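Scroll down for the structure; my scribbles are underneath it.
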Amino acid sequence: MRDRLEELAEEGLAALGSAATEEDLRRVEQDYLGRHGRITAVLRQLGGLPPAERPAVGRLANEIKERLARELEARLEILRRSRLEAELAGEGFDPTLPGPPARAGSLHPIERVRRELEDLFRSMGYAVAGGPEVETEEHNFDALNIPPDHPAREGHDTLWIEGGDRERLCMRTHTSPVQVRALRRHGVPLRVVAPGRVFRQETQDATHDHTFHQMEGLVVDRGVGVPHMLHAMRSLLSGLFGRELQTRLRPGYFPFVEPGFELDARCPFCKSGCSVCKGSTWIELMPGGLVHPEVLRASGVDPEDYSGFAFGLGLSRIAMLRYGIDDIRWMMSGDLRFLEQFDA
Ligand code: FA5
């Protein structure tokens, strides 16, 4: 059997030496080293040898396989190199031409709007704050004046996390808990925006997702009132749409503000009604209000001394308006056909 193996090694090396193309080399590889190749066929007879001889013959077979594999690799490399040389020597090949452009990807539309708004608010003296996506019940609800039996909790369709040992945890349902975190951490006076992802157990449709983006705004100082809030909201809108939009305030209810409002803006796309404003010429843009004294108290701020306003912008919906995206489900789809439209 040793002799047969040595013979095969000789034959195999000769076959590799005379192979002229990569296909020929691959055929020799199959023929000698493949699962149904000649060396494997010899090894199948190993069981017929006396047990004492088997290890040495097995070792020899492996050595021969390695020898053939090394030769195969060397021959492949020679072929590759000569192909490259032929290409370089060929007519019309100009090695100084630039290669195909590398695709750099692009910023997601939500990311673009987020950055623009952050820049805008920074220019007005706001800092950018953040908080965790897995939030405690206390920050997400209790400190925001939404106790366990409060009906407002039902509106949030919360995704609860199992196994929080000390505190009940949930996926944050809004960016408002950052109000509490920022106030407890930095104290007053304070001026922050807090963009981030939020999560709700919601049925998806063209304007509702279970995972979407919001941006919270919070200002707390002495003597802050509704006119300050309106000014911040309007600056945000003109920054986004490049011109002043007519706005109106409607009463809105949120347990963490008092009074609470909904800000609507005149539809930036039409004068007499379109599909975006559903014929009404007004678009509901963001809720807000004056920070509830209970929230200030829970965050360590004396409501006799300080007041503030907060608003909660639906960043995903603003990005839809901004870029004319008709279905929110595109946002988190990861579909490159969608994302490539925003290439820089
Ligand atoms: C809130 O989440 C409040 N925390 C906002 C707030 C902050 C009020 C500060 C007062 C003061 P609401 O549930 O309405 O409120 O959501 C705010 C915005 O998020 C909505 O106006 C909307 O633009 C967006 N939004 C709400 N639900 C969804 C959803 N399922 N998909 C996409 N966007 C949504």
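Each value in this text was obtained by applying a stated rule to the coordinates, not by laboratory testing. Source: prediction; values computed, not measured. No Cβ is skipped: glycine too gets one built from the backbone with ideal geometry, and neighbour counts run over all protein chains shown.
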(request) Report P(r) for the stretch 92-224: all Cα-Cα distances, bin width 10 Å, range 0 to the bin holding the largest distance, values in whole percent. (result) 11, 32, 29, 15, 5, 5, 3, 1
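Under the 0.36 nm per residue contour assumption, what length would be gained going from the current alpha-carbon distance of Arg115 and Glu10 to full extension?
31.0 nm
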(request) Tell me the label-point distance for the pair Glu167, Leu79, using the 7 Å Cα-to-Cβ offset, in nm and rounded to one decimal. (result) 6.5
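Please rank His213, His186, fewest neighbouring Cβ atoms within 10 Å first, as an exposure proxy.
His186, His213
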(request) Within the set of other residues whose C-beta is less than 12 Å from the C-beta of Ser106, count the net charge using Lys and Arg as +1 and Asp and Glu as -1. (result) -1
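What ranking of Ser316, Ser123 emerges when the number of other C-beta atoms within 10 Å of each C-beta is taken as an exposure proxy, fewest first?
Arranged by neighbour count, lowest to highest, Ser316, Ser123 become Ser123, Ser316.
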(message) Between Ala52 and Asp31, how high is the FRET efficiency from 1/(1 + (r/R0)^6) when r is the Cβ-Cβ distance and R₀ = 25 Å? Nearest 0.05.
(response) 0.20
(request) At 7 Å along the Cα-to-beta-carbon direction for both Asp24 and Glu340, put a label point, then send me their distance in nm to one decimal. (result) 4.2
(request) Determine, for Val192, Val291, Val257, Val276, the number of other Cβ atoms within 10 Å of each Cβ, and report the residues in order from fewest to most. (result) Val276, Val192, Val257, Val291
(message) Could you work out the relative contact order of the chain? I mean the mean sequence separation of Cα pairs under 8 Å and 6+ apart, divided by the number of residues, in percent.
(response) 15
(request) Under a 10 Å cutoff between Cα atoms, tell me which one of Phe311, Phe261, Phe241 has the largest fluctuation in the Gaussian network model of the chain. (result) Phe241
(request) May I ask for the net charge around Glu138, where only other residues with Cβ less than 10 Å from the Cβ of Glu138 are counted and Lys, Arg are +1 while Asp, Glu are -1? (result) -3
(message) Given a Förster distance of 56 Å, report the FRET efficiency between Asp305 and Thr96 from their Cβ-Cβ distance, rounded to the nearest 0.05.
(response) 0.20
(message) Beyond 22 Å, how much of the Cα-Cα pair distribution for the stretch 32-143 remains, as a whole percent?
(response) 73
(message) Can you give me the C-alpha center-to-center distance between the stretch 255-274 and the stretch 1-68, rounded to a whole angstrom?
(response) 79
(request) Only Lys, Arg, Asp and Glu count, each charged at its Cβ (+1, +1, -1, -1), so figure out the dipole size of the stretch 2-88 about its Cα centre, rounded to 20 debye. (result) 380
(request) Please report, in debye to the nearest 20, how large the charge dipole of the chain is about its Cα centre when each Lys and Arg carries +1 at its beta carbon and each Asp and Glu carries -1 there. (result) 460
(request) Classify the stretch 109-342 as rounded, prolate or oblate from the Cα gyration tensor: take a ≥ b ≥ c as the square roots of its eigenvalues, call it rounded if a/c is under 1.5, otherwise prolate when a/b beats b/c and oblate if not. (result) oblate
(request) Please tell me the relative contact order of the stretch 56-208 in percent, rounded to the nearest whole number, where contacts are Cα pairs under 8 Å and at least six residues apart. (result) 22
